[in-house]
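Any read-out appearing in this document is the output of simple, stated calculations on the displayed coordinates, not a laboratory observation. Here the structure is a predicted model, which is why all the values come from computation and not from measurement. A quick note on method: Cβ atoms are made from the backbone with ideal geometry, for glycine too, and the neighbour counts reach across all protein chains shown.
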Amino acid sequence: MSLEKEPPAVHAYNLIEKVLFQPTHFNRKKLQQELSGKTILITGASSGIGEQVAYMLKDLPVHLILVARREENLRYIKNEIEKAEAAVTIYKADLRIDDDLNVVVQLIRALPEGLDVVISNAGLSINRSIHQSLDRVHDFTRTMAINYFAPVKLLLALIPLLEKSQGQIVNVSTINSLLIPIPNWAAYQASKTAFDTWFRSVAIELKASCVDTTSIYLPLVKTDMIRPTAAYDRMPAMCPNHVAEIICKSLYTKRKKYRPWWLLFGQLASIVCRGGLERVMTKVNERKGDPRAGS
Ligand SMILES: NC(=O)c1ccc[n+]([C@@H]2O[C@H](COP(=O)([O-])OP(=O)(O)OC[C@H]3O[C@@H](n4cnc5c(N)ncnc54)[C@H](OP(=O)(O)O)[C@@H]3O)[C@@H](O)[C@H]2O)c1
């Protein structure tokens, strides 16, 4: 059977992006020393950031477990990676569905070598105004299902394995979790922030059992996730390959968090200038027209 998939697009940075997204000095040798012989679970590995992380690990003697719903994409990625060194196991699973999630957990628990790293990356974003959402409660339940409950359930089941291996969990988060909320993204921001809060709370407890935790706070990244939002075409965005370097670097530095250098200023402004920022966003939203029409 022929395996076909669009190769991930490379996004070349313009001048502003080069300033905003400083290069990552990534040491492949250190990564290899840290990860040799290890087993790494990547959720949401069928496209975007998860796919790039998997490719970045392909030359290492590791076992990659790739999970997502689009099996044909996973098969293509496995095929590409196994031309190099890593061994790959793929599981087609909708992580919002308990039966699917439990199958993944059972299969991982049965691995004789255990589990060393979880990259919690699967996610869904929705851009919709509140007036367009009045009859769409399912937008809120499905974002919570994949962005909050799925990683919580998965980690509840896998933490004992990670404690045994003194492993690491990486949460692929968003800068929005640390900033003032913006309009039209209520479902996405609330669900990502819920998991960020859960994760940071649990991280303190896990330190005692030698499980490292890393939160990666990302701005826009040029993946399928932002493609439907036309306004983002012209906005600065990171290249998924660059994000994969940041994630892979955290696997040997074990740093607690990554955030772009400018985020601290945004965090300060979110606290000090909250009223002003909310007034500006209200004006911008009003200028778009009747608020009940949505954007
Ligand atoms: N792109 C951005 O601007 C941006 C910014 C900040 C943070 N992030 C975060 O980065 C992570 C990766 O997103 P991305 O940008 O790489 O977008 P993406 O290409 O759309 O990747 C999302 C991944 O999640 C998987 N997924 C979604 N729903 C799932 C489900 N129910 N069960 C299992 N897997 C599921 C998708 O696979 P299937 O569809 O095959 O299931 C896909 O592999 C997300 O957590 C996102 O919140 C992205």
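Starting from the 7 Å offset along Cα-to-Cβ, what nm value, one decimal, do you get for the label separation of Phe140 and Lys83?
Roughly 4.7 nm, to one decimal.
Using mean Cβ contacts within 10 Å as the protection proxy, how do 112-119, 64-71 order, highest first?
64-71, 112-119
Would you please give the residues with an amide H less than 5 Å from that of Val88, counting only those at least 5 places away or on a separate chain, with H modeled from the backbone geometry?
Leu64
Based on the mean of other beta carbon atoms within 10 Å per residue, what is the order of 155-163, 54-62, 241-249, most packed first?
Most protected by this proxy first, the peptides run 241-249, 54-62, 155-163.
How much length would be gained if the chain were fully extended between Leu264 and Gln166, taking 0.36 nm per residue of separation minus their Cα-Cα distance, in nm to one decimal?
Stretched out fully, the Leu264 to Gln166 stretch lengthens by 32.2 nm.
Could you point to the residue in Leu155, Ala54, Asn27 farthest towards the positive end of region 15-262's charge dipole, with +1 and -1 charges on the Cβ of Lys/Arg and Asp/Glu respectively?
Result: Asn27, furthest along the dipole toward the positive end.
Evaluate the charge dipole of region 15-262 about its Cα centre and quote only its size in Debye, nearest 20, assuming +1 on the Cβ of each Lys and Arg and -1 on the Cβ of each Asp and Glu.
580
Mind putting a number on the dipole of region 1-133 about its Cα centre? Charges go on the C-beta only, +1 for Lys and Arg and -1 for Asp and Glu, and I need it in Debye to the nearest 20.
Computed about the Cα centre, the dipole is about 300 debye.
Compute the normalised compactness of the chain: alpha-carbon radius of gyration over 2.2 N^0.38 Å, N being the residue count.
Taking N as the residue count of the chain, the ratio is 1.01.
P(r) for region 55-102: what percent of alpha-carbon pairs falls in each 10 Å bin, starting at zero?
28, 47, 22, 2
DSSP loop (so not H, G, I, E, B), at most 11 other Cβ within 10 Å: list which chymotrypsin sites (Phe, Trp or Tyr not before Pro) in region 215-277 pass both filters.
For chymotrypsin sites (Phe, Trp or Tyr not before Pro) across region 215-277 that sit outside H, G, I, E and B with at most 11 neighbouring Cβ atoms in 10 Å, the list reads Trp261.
Starting from the Cα gyration tensor of region 112-229, take the square roots of the eigenvalues, sort them a ≥ b ≥ c, and report rounded, prolate or oblate (rounded when a/c is under 1.5, otherwise prolate if a/b is larger than b/c, else oblate).
Prolate is the answer for region 112-229, as a/c is 1.5 or above and a/b outweighs b/c.
Students often get this wrong, so check it: of Lys18/Lys288; Lys78/Lys222; Lys5/Lys257; Lys18/Lys83, which have C-alpha atoms separated by over 26 Å?
Table pairs above 26 Å Cα-Cα are Lys18/Lys288; Lys5/Lys257; Lys18/Lys83.
Could you calculate the contour length gain from Ala110 to Lys30, that is, 0.36 nm times the residue separation minus the distance between their Cα atoms, to one decimal place in nm?
Net length gain for the segment: 25.9 nm.
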